[in-house]
Amino acid sequence: LIPLLLLFLVASFWSCAPSDEKKPEYVLRFGHLANNQHGWHLASLKFAEEVKKRSNGRIEVKVYPNEQLGKEMDVLTGLLVGSADIMITGESLQSWSLPKAILCATPFAIRDSDHLKKVAGGPLGKEIEQHILDGAGFRPIAWFERGARNLTSNRIIRHPDDLQGMILRVPPVSLYVDTWSALGAKPTPMAFSEVFTALQQSTIHGQENPFALIKDAGLYEVQKYCMLTSHVKSWAYVVMSGKKYDSLPKDLQKVIDESAAIMQEYEHELFLVQEKKDYDFLVEKGMEFIEVDNEAFQTAAKEAVLQSFNEEQTDLLNRILQV
Ligand code: 2Q2
């Protein structure tokens, strides 16, 4: 009788086990550099939820904020070796022999949101996405508009002349190094997760980013001024390892595509309300916003960009400017 009872128990356990407790067939690791309040993170979670639902639990997406999966440049390598599957990136792709990738974040190339949408979401955006896939095997699955990048520091900068001697953190992007050098600063490439401490310890004197990251990384705690330079209007890409994508069956590739489209739309809705909120938050925290000589920045930066660009990049820039 006892073995029979046991058999019954085991059988009823199996039949009652809820279906979403079954192990996923695929686990995708999704990393980014922002914290868990940032729109990128909320959008990644939305993606994970959609993927789970649409694949009936066959795919699980695990999201890692705050560079927990590694620094941006390392996660890019991770995508190639399989220690990461999906990430948010952008202009840093320039360092992967992807010259056209820098056009998603070229100083003073994009005029406004409308222009950005036409470029990133139009044929030129497609050309850049194809270039990223063909050139490095990273498959762009979505793009996110970002707020304008602004310079922060504990000293007031109104004109490029005020940048003399300033050690400025930039992401590992050669165009940024070239541009800020031409403007008079001393740019130092550094991973985002190291910026707060470096500012706190004064090994760098400033950094430049959209309001969202200045807020979410707590940079306002160690930076008094935000100069309204608006020197870069950019978009970021969510990229997936092309190899990983190709290894999925067709129906699951469709799940990724559809979920990515939903994530992109969701992130944009968040972005539209967040910029103003982030600005208000920073004002409330005592950050002072400084008007700058925008024309002086623009003239010097545009010249530096043309100096730095090769023919292919200049051609793409000209086509972007004509949109
Ligand atoms: O300052 C940063 O690190 C980000 O805002 C960067 O723009 C971003 O990580 C790029 O390096 C994207 O490739």
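The values are calculated or read from the model by the stated rules, or taken from the named source; none is laboratory data. This is a predicted model, so every value here is computed, not measured. Reconstructed Cβ throughout: ideal geometry from the backbone, glycine too, with neighbour counts over all protein chains shown. The accessibility values were calculated without ligands, DNA or RNA, using every heavy atom of the protein model including side chains. Shrake-Rupley method; radii C 1.70, N 1.55, O 1.52, S 1.80 Å.
Quick notes
- Entry comment: accessible area of the stretch 209-323 is 48 Å² per residue, from protein heavy atoms only and a probe of 1.4 Å.
- Cα gyration tensor shape for the stretch 178-323, rounded if a/c is under 1.5, else prolate or oblate: oblate
- 17 Å Cα-Cα reach of Lys285 towards aspartates and glutamates, excluding residues that sit fewer than 8 places from it in its own chain: Asp216, Glu221, Glu275
- Dipole magnitude of the chain about its Cα centre (Cβ charges: Lys, Arg +1; Asp, Glu -1), debye to nearest 20: 660 debye
- In terms of its C-alpha gyration tensor, the stretch 55-168 has a prolate overall shape, because the principal axis ratio a/c (a ≥ b ≥ c, square roots of the eigenvalues) is not below 1.5 and a/b outweighs b/c.
- Cα shape, the stretch 252-323, gyration tensor, a/c 1.5 rule: oblate
- Within-10-Å neighbourhood charge of His268 [Cβ basis; K, R +1; D, E -1]: -3
- Taking every Cα-Cα distance in the chain and sorting them into 10 Å bins starting at zero, the pair-distance distribution P(r) comes out as 6, 25, 32, 21, 8, 4, 2, 1, 0, 0 percent.
- Extension gain for Gln37 to Lys118 (0.36 nm times residue separation, less C-alpha to C-alpha distance): 26.4 nm.
- In the stretch 187-295, the GluC sites (Glu not before Pro) that fall in loop regions by DSSP, at most 10 other Cβ within 10 Å: Glu291
- R0 of 22 Å, Cβ-Cβ distance Glu221-Lys276: FRET efficiency to nearest 0.05: 0.55
- Each peptide in 31-43, 48-60 was scored by the mean count of other Cβ atoms within 10 Å over its residues; highest first, the order is 31-43, 48-60.
- Between helix 123-136 and the chain: long-axis angle, C-alpha atoms, 0 to 90°, nearest 10: 70 degrees
- Stretched out straight at 0.36 nm per residue, the stretch from Lys254 to Tyr26 would grow longer than its current Cα-Cα span by 80.6 nm.
- Percent carbon-and-sulfur accessible area, the chain, ignoring ligands, DNA and RNA, probe 1.4 Å: 53 percent
- Surface accessible to a 1.4 Å probe, per residue, for the residues of the stretch 26-98, Å²: 39 Å²
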